[in-house]
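Working notes for the structure below.
The values are calculated or read from the model by the stated rules, or taken from the named source; none is laboratory data. These numbers were taken from a predicted model, which means no experiment stands behind them. Don't worry about glycine lacking a Cβ; one is built from the backbone with ideal geometry, like all the others, and counts go over all protein chains shown. We work out accessible area using only protein heavy atoms, side chains counted, and drop any ligands, DNA or RNA first. Shrake-Rupley method; radii C 1.70, N 1.55, O 1.52, S 1.80 Å.
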Amino acid sequence: MNGNYLIPANSKKSEMILGLFTPVDLILFASGIGLTVILLLAIHTDSLGGMIFILMPALVASFLVFPVPNYHNVLQLIINIYTFFFVRQRTYKWRGWCYKNGRDKQ
């Protein structure tokens, strides 16, 4: 062997719970479900708006951990977008292959 190993593309998937979720995802999901159960037990409502408000923590948590193709989940996609645009903005200076590199006179 020459020491070169080919790592399969889905090797990270084996580190996840059920092949889809990280521990942080499950904690977030369980927190949303738990808060929804507490609200269901504490608040009595007959209106549709009140019921949507009570179910909102579970719906938001489910949306954030829902798996998306080519990304782990929506939460990771939102974090990646936020990091790219607001935290680590990079300015790439193009340096061409031309002899003068943008200067008129050498």
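Data table
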read-out: Residue ID - nearest to Ile27 (Cα to Cα), chosen from residues in the stretch 68-82 that are open to solvent by 70 Å² or more (accessible area, probe 1.4 Å) and polar (S, T, N, Q); value: Gln76
read-out: Count - residues of the stretch 42-67 that are surrounded by 12 or more Cβ atoms within 10 Å (Cβ to Cβ) and in a helix (DSSP H, G or I); value: 15
read-out: Qualifying residue in the stretch 34-41 (condition: of a type in the set (A, V, I, L, M, F, W, C), within 23 Å of the chain's Cα centre (by Cα), modelled with pLDDT under 90 and surrounded by 14 or more Cβ atoms within 10 Å (Cβ to Cβ)); value: no
